[in-house]
Amino acid sequence: MGSNKENDIDHNIGWLLKTAFDVYHAMTVQTVRELGFSDVTASQARLIAVFNKKSIRAIDLAELAGVSKQAASVTLSELIDSGYLEQRKSTTDGRVRLLSLTEKGYALKRAAGDVKVTSERMISAVIGPEEKAHLAAQLKKITALPVQSTQLGLSEKERTS
């Protein structure tokens, strides 16, 4: 049976998308570590990256990151133990535990934001700003494909924003 380009791993769009994400994420995590956050894992960086509120429930943070609460649980405990997050009871409902960034967590989030800008510049340097803009436009089209948001672990609002 002959090989064709659609079956060739170097031309498989899914594989290329995943690999490109893995390279981008690894660049970001490596640079964050070089900035002094050497104890941060890729999973931890992903949760900190999506932290977008003053305080949030673990289940909501896991949903934002596109992982299950069970998968996020260990990572969140590590972030609390490492001093990046703190957990406390909600003032409105004592049964609810809320997570918030500590000063160390905010420092990591700021560093990660700076690293993201650097990573974007590196991509522009490799493929050029026009190609980067074209790539971003094409990726937005792909992310708008009609897939059930539950399959992605994202809410419809998150998937389309």
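Odds and ends about this structure:
- Magnitude of the charge dipole, the chain, Cβ model with Lys/Arg +1 and Asp/Glu -1, debye to 20: 640 debye
- Pairwise FRET efficiency - His11 versus Lys116, Cβ, R0 = 25 Å, nearest 0.05: 0.30
- In the chain, helical runs assigned H by DSSP with n ≥ 4 each contribute -39500 (n - 2.57); averaged across all residues and rounded to the nearest 500, the mean residue ellipticity at 222 nm is -19500 deg cm²/dmol.
- Rounded to whole Å, the principal axis extents of the Cα atoms in the chain read 61, 37, 31, largest first.
- Among Val32, Val147, Val67, the residue with the largest mean-square fluctuation in a Gaussian network model of the chain, with springs joining Cα atoms closer than 10 Å, is Val147.
- Gaussian network model of the chain, springs between alpha carbon atoms under 10 Å - residue of Gly14, Gly105, Gly128 with greatest fluctuation: Gly14
- Per DSSP, loop trypsin sites (Lys or Arg not before Pro) in segment 88-141 with at most 15 further Cβ within 10 Å: Arg95
- Placing +1 on each Lys and Arg Cβ and -1 on each Asp and Glu Cβ, with no other charges, gives segment 72-149 a dipole about its Cα centre of roughly 220 debye.
- Among Ala42, Ala133, Ala58, residue whose mean-square fluctuation peaks in a GNM of the chain (springs only between Cα atoms under 10 Å): Ala133
- Extension gain, Val96 back to Lys18 (0.36 nm per residue minus Cα-Cα distance, nm): 24.5 nm
- Note on Glu130 and Leu35: the model spin-label points, each 7 Å out from Cα along the C-beta direction, lie 3.2 nm apart.
Quick note: the coordinates plus some simple rules give every number you see, no bench work behind them. Since we're looking at a predicted model, the values are computed, not measured. Virtual Cβ from ideal backbone geometry, glycine too; neighbours counted across all protein chains shown.
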